[in-house]
Structure formats: structure tokens, C-alpha cells
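Taken together, the values in this text are just the output of simple stated rules run on the coordinates, not laboratory data. Since this is a predicted model, take the numbers as computed values, not measurements. Cβ coordinates were reconstructed from backbone atoms using ideal geometry, including for glycine residues, and neighbour counts include every protein chain displayed.
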Ligand code: COA
């Protein structure tokens, strides 16, 4: 039996976390349409929903907020690592290595998987902001008590109290990116978790998968594409040239959606509110031209905007530098990864698929050719 390439359409796990309806363009977290959560309830409430199966009461939300807030500080060994490495290593590698160090430090403690998930999620923005500020020759900042998860991230990046509209937009982004079924990185996290490795190691594995441009690495390329196109009137020629060369248009296409990604619609609305009008108009023109050209090139399948297209604009507008776009995606997705790790461990069986062997079976070692093994 031959598996479909890229495991398309293959069910490898059951989950109560997220449902994606690729035909209707709908994304649901534990029964709630994501478009009804984003920007309506805070990201911490969505984290509670994914980790603890229900939206929190006021008291539960306050408790989780406190738990996240009290775990934001980095151990000195991670700060020292960032001081040494931030100027020479790229941000996702810094994030991975910092999480590995955290995992090593936590190995001696006996935190539950859920508590470890909360601690890891709480520290990711601190790792990103500390590394970024060291690299850009600014003094790293202490997390600020009293600010929510997303507001504190913006504060630690910029050193300023963030504007409420920027916090609202980034909070909605975090909710929209919190989980997405078995995307490559979440699948990797579940495979790693199935070996009963620790939560930190499973998240490090997930980040390795997220790095690639076909997954979480896309928004920086969307950003570079918009910079390179520069003006709406250049869009058609630029896109035509790149498609003729066989390039993919970043921020378009999805394995599961056969219509516009529902997250993209919300992000476009947010972008319209906070992005400078010239840049927003450029993106809208590029979107329309790319959709039309891709339709001509691929009449057999719908290749529409995915979550990454307008993410890049929203992240830029709220003050996240392009080098942190994918890292910020990782920070938002930490809740989804860890919720899947928790779910995998609740009913675990080791993942161990097979490959169809297509090589030869009849070769013999030719004695004289390898007689140097002495
Ligand atoms: N630009 C141009 N062509 C695209 C395309 C894009 N963004 N997305 C898919 N295609 C084309 C492929 O070239 C391929 O054409 P072919 O059959 O002539 O070779 C066809 O559509 C199918 O591509 P495939 O890679 O099998 O589809 P998939 O379901 O695996 O695609 C992605 C999913 C995300 C990998 C793909 O759409 C892509 O590479 N998008 C750009 C990267 C991106 O935005 N990633 C973020 C995802 S959230």
C-alpha cells in the first residue's frame, strides 16, 4: 500500500482541539469558530480553552494570567547564553537553544506537562525580546508585571507601553495562530511526544519544522516580496516574472484550504485598521493580481491567500521586526503545540510508520573494493 505524497488526507491521530474545514474555510478551536474568538477574548483565554478544555471564568483567567506572568523571567544561564550568542546566531536558533537549556534545567524538577507548557509559553516572548535587544545593541528589559502576555511582549521589544490598538491586533494574531491541526510542526511535536520525551524537546523539534519557508518561514518572504514590488503598478509584472521562473508566491496556497484561509480575512481587516494606507493598498493589489495569475496557472485548484500574507503586515505595523516574524508565530503556536503534546500523552502510542522500500535487494559486497577496513 502506498501512502499519498506528503500524507495528504491521511488521518494519523484523533483530536478534540482543532477542526479545519478546508472547503468552507472554517477553523474551530474546541467548538468555537476562531473568527469569534480573535480579538474578542484575550489570548490567555484561548490558551485556557486549548489546555483546559474550556473558556475560563474570570477567576480562572486571572489565575492563568498570574501563572504566565510569574514565569516570564529567564534563568540566568539562558540570559548568559543570549548575551554570548544573540549577535552571531539567527533568532529561531536562539529560541530553540534557549528552550533546550530551559528543558535541561527543568529536567530535575517534576512539573506536570501542563505546568511545563505554561512556563515554556510564558518565557518565549522574553527569549525573543532579550535576544532582539542584545542584537540591536539595546539593553534587555525585565518583563513588566500588570501587562498581559501580548502587551508585555511588545513592551519588552520596544521599551514603550504599547498602544491599545496594537495590543488588540497582536492579541488577535496570537489567537489566530494558536493552533492549526496537524500542520508539519504540530505533527512533529506529536511524533516526538509519542516517544514520551519532555515537552521542551518536543517543542524544539516543532520549531525545526516551523523554520522552513513552506511553513512558518513564509511571512518574511511575503514582506520581502512587498518591499521588492514597491508600488502597486509593478505588481503584475513582478508576479508574472516570478511565476514564469517557477517560483512560488509566498502567502498563497494551503494544503487543506481550498478557499481563502479564514485567518487571512481577519488579518486583512486588522491590517486595514493599523497599517499605513500606502502599504495596505500595495498588499491588496498584490493579493488581487496574484490570485488572478495563480487561477490562470492552476485552474484545477484554488490557490488563495493563507495566514502568512497579511500576518507580515500586521506584525510590521505593531512593531515586530521582520527577523522575528517566524519566531512570533512560534510564540503564538506554543499553546497549540503543547496542547497537542498533552493530548498525545493522554492516549499515547508510539508513532512508527513504515516507508515503501524502492531500492535493490540483490547486491553483494565486492571483496577487493573495500579491503581497506583494517
Ligand atoms: N505559488 C505558486 N504555485 C503554487 C503555490 C504558490 N504559493 N502553492 C501551490 N502552488 C502550485 C505548486 O507549484 C504545484 O504546481 P505543480 O502541480 O504544477 O507542480 C501545485 O500548486 C501544488 O503544490 P503542492 O506543493 O503540492 O501543494 P500543497 O498542498 O503541498 O501546498 C503549500 C501547500 C503551502 C506548501 C504551498 O501552497 C506553498 O508552497 N505556498 C507558498 C508558501 C507559503 O505561503 N507557506 C505558508 C503556508 S501557511
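So if I take the centroid of the Cα atoms in the range 274-343 and the same for the range 206-272, what is the distance between those two points in Å?
Using only Cα atoms to place each centre, the spacing works out to 6 Å.
Using Cα-Cα distances under 8 Å and only pairs 6 or more residues apart, what relative contact order does the range 30-142 have, in percent?
Taking the mean separation of contacting Cα pairs over the length of the range 30-142, I get 29 percent.
Between residue 364 and residue 114, what is the label-to-label distance in nm when each label sits 7 Å out along the Cα-to-Cβ direction?
In this crude label model, residue 364 to residue 114 measures out at 6.4 nm.
Please rank 158, 326, fewest neighbouring Cβ atoms within 10 Å first, as an exposure proxy.
158, 326
So what is the relative contact order for the range 102-178, in percent, with contacts set as C-alpha pairs under 8 Å and at least six apart?
21 percent
Return the FRET efficiency for the residue pair residue 348, residue 138: r is the Cβ-Cβ distance, R0 is 51 Å, and the value is rounded to the nearest 0.05.
0.70
What residue among 275, 88, 28 has the largest mean-square fluctuation in a Gaussian network model of the chain, using Cα springs under 10 Å?
Top of the fluctuation ranking is 88.
Measure off 7 Å from each Cα along the Cα-to-Cβ vector at residue 214 and residue 70, then give the distance between these two points in nanometres to one decimal.
Between residue 214 and residue 70, the label points sit 4.4 nm apart.
Please work out whether the range 1-132 counts as rounded, prolate or oblate from its C-alpha gyration tensor, where a ≥ b ≥ c are the square roots of the eigenvalues and a/c under 1.5 means rounded, while otherwise a/b larger than b/c means prolate and anything else oblate?
Taking the square roots of the gyration eigenvalues as a ≥ b ≥ c, the range 1-132 is oblate.
Mind running the shape call on the range 132-185? Use the C-alpha gyration tensor, a ≥ b ≥ c as the square roots of the eigenvalues: rounded below 1.5 for a/c, prolate if a/b tops b/c, oblate otherwise.
It comes out oblate by the Cα gyration axes.
Report the relative contact order of the chain, percent, no decimals, based on alpha-carbon pairs under 8 angstrom and at least 6 residues apart.
23 percent
Rounded, prolate or oblate: which fits the range 227-336 when a ≥ b ≥ c are the square roots of the eigenvalues of the alpha-carbon gyration tensor, with rounded for a/c under 1.5 and prolate only if a/b beats b/c?
oblate
Please give the FRET efficiency for residue 291 paired with residue 107, using the beta carbon to beta carbon distance and R0 = 41 Å, rounded to the nearest 0.05.
The computed FRET efficiency comes out at 0.25.
What's the long-distance tail for the chain, i.e. % of Cα pairs beyond 28 Å?
For the chain, the fraction of Cα-Cα distances above 28 Å is 47 percent.
Can you work out the PRE-style zone for residue 160? Point 7 Å along Cα to Cβ, and I want the residues of the range 239-282 with backbone N under 15 Å.
275-276
Against the globular-protein guess of 2.2 N^0.38 Å, express the Cα radius of gyration of the range 174-233 as a ratio, rounded to two decimals.
1.47
Measure off 7 Å from each Cα along the Cα-to-Cβ vector at residue 227 and residue 19, then give the distance between these two points in nanometres to one decimal.
For residue 227 paired with residue 19, the spin-label model returns 4.2 nm.
Please compute the length gained on full extension between residue 281 and residue 145, using 0.36 nm multiplied by the number of residues separating them and subtracting their Cα-Cα distance.
Answer, rounded to one decimal: 45.2 nm.
Connecting C-alpha atoms closer than 10 Å in a GNM of the chain, tell me which of 298, 149, 48 has the biggest fluctuation.
So, out of 298, 149, 48, the one fluctuating most is 298.
What FRET efficiency would be calculated for the residue pair residue 26, residue 62, taking the C-beta separation as r and a Förster radius of 22 Å, to the nearest 0.05?
Rounded to the nearest 0.05, the efficiency is 0.10.
Add -39500 (n - 2.57) for each DSSP H run of 4 or more in the chain, then divide by its residues: what number comes out at 222 nm, to the nearest 500 deg cm²/dmol?
-18000 deg cm²/dmol
Evaluate the Debye formula for the range 1-40 with equal point scatterers sitting on the alpha carbons, no solvent, and hand back log10 of I(q)/I(0) at q = 0.16, 0.33 Å⁻¹, in q order, two decimals.
-0.55, -1.11
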